[in-house]
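What follows is a set of notes on a single structure, which appears directly below.
Readers should treat all values here as calculations from the given coordinates under stated rules, not as data from a laboratory. Since the structure is predicted, the reported quantities are computational estimates derived from the model, not experimental observations. Please note: Cβ atoms are built from the backbone with ideal geometry, for glycine as well, and neighbour counts cover all protein chains shown.
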Amino acid sequence: MITRIPRPLRLMLVLLIVATSACGDGDAGGGDAGDGGRRRVVISHFWGDVQDVWQEAIDEFEKSHPDIDVEQQAMTFNVHYQKVQTASAAGQDIGDLVLLEDWFAQELIEREQFVDLAPMVARDLDTSAIFAASLGTYRKGASLQAFPVALGSYPLFYNKDLFDAAGERYPDSTWTYDTLLAVARRLTLDTDNDGRTDQYGFLLDNSGGFDGVLYSLGGAVLSDDGTRSAFGEPRTIEALKYWTGLVRTHKVAPPNASVMGGSSSGGSTRPFETGRFAMAMLQAAISTYRNVPFKWDIALPPSGPAGRRALRYGAAFGIPKGSKNAEAAWEFLRWMVEEMPAKYADRMFYGQVPNSRRLANAPEYLNGTPSVNRRVLIDMIDRYSFSYWRSRWLQFRDQGFLPQLDLMVIGEKSVEQAAADADKRINEVLAQ
């Protein structure tokens, strides 16, 4: 059991620090002070459409922490991303809590741009209260460069209306990828008999759902140590043949989902929402599907020869080394895990799993809107999730193997040739 400082003592220490800062050097006692000596914490994030919910939670926090003043600065993702990259490189102020996604956090973590949170976690949190595996993505050696507040994976989404119309049983934990293919074939239909498919059994999505399929079938993008490509290995080529076969052999998915109302890799529109796909492996930001005009749910992804695998991602906050109120910023993160009322957990994170077992298992989260089987998301993170996030993610993925994946799906290259070309490109990026 981790020895923790009791809450009353922590508050006494905080007040002592504030008192010290008021009498001497500002940085020594915790930095910027707001009205009445309150310490100011600026949260920089890109969740503008739930900014009001965040403000409700902030107001709640400030009631029990009268010495801390929290301000949020919400931007669009692109503006936030550019600001973080530019300000970090120039050593400029970017706030006290900066929201990060796994992929673009990696270069910042390598350069150790953030305060090491490992001592604070050891001091203040029992890691059994969170999904501890989530911390690995944000470590640099022994240091913890950011703390994830919400987690996600890629469950199997399915259109209940299409399943019901065909008299099909819903997906369950017994499914394999052979089962998925068999059901997808039955749910791929030419509904008006004009010789063209109107309803597809599956949607190929090139985001993290692809990774789950690939790894479940025994393939891999990188070697286990992350230092070289595994894309050209025979095991990966066999897994890729299943993926491309969904389009080219079995025709249960279109070669490009744009013909159905969106892009194959997601984008600004979401093809699943058209109601013309029976199944898809999609990002678990489930509240974004709140207004879908048909009944749907989520299930565990099928199991393959290598088991049931799902790529795990997270949204994390880092405290920049330039923060003048690192302890106050950490106190807000700690409060979110241990004390934040459960009524905020669903709305703040787009339905993704809070990195607090207390919140994740609360009725307010499990029964949130939309009403789907959220236990699946918790089970996936606990039992089946993996990650291989590392630096140069965009270069070896979006600009590396994904273009080759598209070429093999549409038949412009053989699986073997496209995999070999992707393998070469990935290794070139990793060698930089």
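How large is log10 of I(q)/I(0) for the chain at q = 0.06, 0.08, 0.11 Å⁻¹ when the intensity is taken from the Debye formula with one equal scatterer per alpha-carbon?
For the requested q values the scattering log ratios are -0.28, -0.49, -0.88.
Can you list, largest first and rounded to whole Å, the semi-axes you get for the stretch 123-171 by taking the square root of 5 times each eigenvalue of its Cα gyration tensor?
40, 12, 8
Hey, rough spin-label estimate for ALA132 and LYS251, points 7 angstrom out along Cα→Cβ, what's it come to in nanometres?
Simple spin-label model gives 5.3 nm for this pair.
Expressed as a whole number of Å, what is the distance separating the alpha-carbon centroids of the stretch 34-96 and the stretch 218-254?
What the calculation gives is 41 Å, centre to centre.
Compute, for the stretch 163-295, the length of the dipole vector about the Cα centre, with Cβ point charges of +1 (Lys, Arg) and -1 (Asp, Glu) only. Units Debye, rounded to 20.
140
Taking every pair of Cα atoms in the stretch 98-215, average 1/r, invert it to obtain the Kirkwood radius, and report Rg/Rh to two decimals.
A ratio of 1.18.
Please report, to two decimal places, log10 I(q)/I(0) for the stretch 152-194 at q = 0.18, 0.19 Å⁻¹ as given by the Debye formula with identical point scatterers on the Cα atoms and no solvent.
Computed log10 I(q)/I(0) values: -0.60, -0.65.
Hey, what's the Cα Rg ratio for the stretch 361-428 versus the globular rule of thumb, 2.2 N^0.38 Å?
It is 1.69.
Between THR76 and ASP161, what's the calculated FRET efficiency when r is the beta-carbon distance and R0 is 41 Å? Round to 0.05.
Once rounded, the FRET efficiency stands at 0.75.
In nm, to one decimal, how far is the PHE104 label point from the GLN417 one, both placed 7 Å along Cα→Cβ?
Taking the simple label geometry, PHE104 and GLN417 are separated by 3.6 nm.
Mind listing the Cα extents of the stretch 311-387 along all three principal axes, in Å, largest one first?
42, 29, 17
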